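Okay, so here's the structure we're looking at.
The values are calculated or read from the model by the stated rules, or taken from the named source; none is laboratory data. Just so we're clear, the structure is a prediction, and the values are computed from it rather than from any experiment. Here the Cβ positions follow ideal geometry from the backbone for every residue, glycine too, while neighbour counts run over all protein chains shown.
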Amino acid sequence: MLWARDFGGVKMTSCFVKDGDFLVEQMGPIKLWLKLTSENGTLRYKLMKASCLGFTLLKRFSPTLEAFESEDSGFYVFGVRISLPLIGKLIEYQGKLVLG
């Protein structure tokens, strides 16, 4: 799956593929191995491993990720927050889209 976002003219594209029990998101040289869980009707993404240029990042150098998606009264509701050690918040966005 290819996912393209536009944040006020700043474009971000990532590619998702299934790898065993993981959903792997690739953005340029960065790969994130995500484990999907469901909690009370909300799909949550948990970062299990990250790599850059093919090298696995140690946990203390890995980004932190908070991401979810759900449905609420006919809306697709989502939120993403990614932070980096020493740098802090890298990106955060959330919103609602009409389903159907």
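Exactly one condition in (1) modelled with pLDDT under 95; (2) exposed (fewer than 14 other Cβ atoms within 10 Å of the Cβ) is false for PHE55; which is it? Exception for PHE55: condition (1). Residues in the range 50-100 that are over 24 Å from PHE22 (Cβ atoms) and either among the charged types (D, E, K, R) or touching a residue at least 60 places away in the same chain (Cβ under 8 Å) (or both): ASP72, LYS89, LYS96.
Screening the range 75-100 for residues that are over 25 Å from LYS49 (Cβ atoms) and of a type outside the set (Lys, Arg) and picking the one that is surrounded by the most Cβ atoms within 10 Å (Cβ to Cβ) gives VAL77. Residues of the range 1-25 that are in contact with a Ser or Thr (Cβ under 6 Å, 6 or more places away or on another chain) and either modelled with pLDDT of 90 or more or not aromatic (Phe, Trp, Tyr) (or both): ALA4, GLU25.
Does LEU65 meet the test of being more than 22 Å from LYS96 (Cβ to Cβ) and not β-branched (Val, Ile, Thr)? In short, no.
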